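Right, one structure below, let's go through it.
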Amino acid sequence: MPVMPKRSFDEFVALMTTLRGPKGCPWDRKQTFESLKPFIVEEAYEVVDAIDRGERHALAEELGDFLLQVVFVAELAREEGSFDIDDVITTIHEKLVRRHPHVFGDVEAKDAEQVLVNWEKLKNEERKAENKSVLAGVPQSLPALLKASRLTEKAARVGFDWRRAEDVFAKIDEEIGELREAIDAKDPRKIHDEVGDLLFSIANIARKLGVSAEEALQSSNRKFTSRFESMERAVRTEGRNLDQLTLEQMDSLWDEAKAAERA
């Protein structure tokens, strides 16, 4: 396979400008900030998927796709006169220097934990100057479970947190009790709220235990998918589908899939 010549970042930016230009691509020229939003989210997830698979070549490609979204949005902003890609780079460059006084200043940080403490103090000072909430940096569009984790993490960094993981278990038990009460009362709105409160508490206990709730649930999703597909394969070898089995038969196949997974 021939080796492709290396391209510079400036060349890439110029390419995007051409694609958006009068003689460029009709599809690229049609895009707006709003129309690019789903692509930005999708490409971010594809980067994460490539990391999870451990496929470095795929990761390089997915990072390129994600970078395209950054450059694309910056080009739209340049065209309307808001900012350009140089402003994007300058902003993050200055922020990193400002928030790393242990590297570029005289502040000491002996370990990663101290770096996070210093980082949060600096961000809090910036928010105070701008009259922003501690929670302001959590994107509204984050998936709900990840957002719950980030919200409680932000609050914990200013001291609003359970002292022990055991205290969160008590809260989970309380939320389960309230959910049961809502179910007994046959109150759909209350059931909705209590399910949300229970999930929020689960995200809290995961954080207290040092577990990423989002990654833990994704792992469970993968296990469920693998076992379910194993059940489907087993049934299809007999010329049948799962909906032709009883629940007891499906439970038996599920147990077989779990056993094979452990083996």
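Taken together, the values in this text are just the output of simple stated rules run on the coordinates, not laboratory data. From a predicted model like this one, the values you see are computed outputs, not experimental measurements. Reconstructed Cβ throughout: ideal geometry from the backbone, glycine too, with neighbour counts over all protein chains shown.
About its Cα centre, segment 215-262 has a charge dipole of approximately 180 debye under the convention of +1 per Lys or Arg Cβ and -1 per Asp or Glu Cβ, with nothing else charged. The slack between Val48 and Arg222, meaning 0.36 nm per residue of separation minus the straight C-alpha distance, is 61.2 nm. Toward the positive end of the charge dipole of segment 133-211, with +1 on the Cβ of Lys and Arg and -1 on the Cβ of Asp and Glu, the farthest Cα among Ala148, Val138, Leu179 is that of Val138. Legend: P(r) of the chain from all alpha carbon pair distances, 10 Å bins from 0, whole percents, reading 5, 16, 23, 26, 17, 10, 2, 0. Applied to segment 56-73, the Karplus parametrisation 6.51 cos²θ - 1.76 cosθ + 1.60 on θ = phi - 60° returns per-residue 3J(HN,Hα) values of 5, 5, 5, 4, 4, 5, 5, 5, x, 5, 5, 4, 4, 5, 4, 5, 4, 5 Hz, with x for Gly and Pro. Using the rule -39500 (n - 2.57) for each DSSP H run of four or more residues, divided by the residues of the chain, the 222 nm mean residue ellipticity is -24500 deg cm²/dmol. Relative to the longest principal axis of the Cα atoms of the chain, the long axis of helix 85-98 lies at roughly 70 degrees.
Placing +1 on the Cβ of every Lys and Arg and -1 on the Cβ of every Asp and Glu, with no other charges, gives segment 156-263 a dipole of roughly 480 debye about its Cα centre. Based on C-alpha pairs under 8 angstrom that are at least 6 apart in sequence, segment 133-211 has a relative contact order of 35 percent. Over 16 Å apart: what share of the alpha carbon pairs of segment 112-201 falls there, rounded to a whole percent? Result: 66 percent of Cα pairs exceed 16 Å.
Multiplying the residue separation of Asp243 and Arg7 by 0.36 nm and subtracting their alpha-carbon distance yields 79.6 nm. Solvent-free Debye calculation, one equal scatterer per alpha-carbon of segment 9-98: log10 I(q)/I(0) at 0.22 Å⁻¹ equals -1.16. Helix 33-53 and the long axis of the chain differ in direction by around 60°, with both axes built from C-alpha atoms. With θ taken as phi - 60° and the Karplus curve 6.51 cos²θ - 1.76 cosθ + 1.60 applied, the whole-hertz 3J(HN,Hα) list for segment 190-198 is 5, 4, 4, 5, 6, 4, x, 4, 5 Hz, x standing for glycine and proline.
Can you tell me the length gained on complete extension of the stretch Val115 to Glu153, counting 0.36 nm per residue apart and subtracting the Cα distance?
Working: separation 38, 0.36 × 38 = 13.68 nm, distance 1.54 nm.
Going from the current span to full extension adds 12.1 nm.
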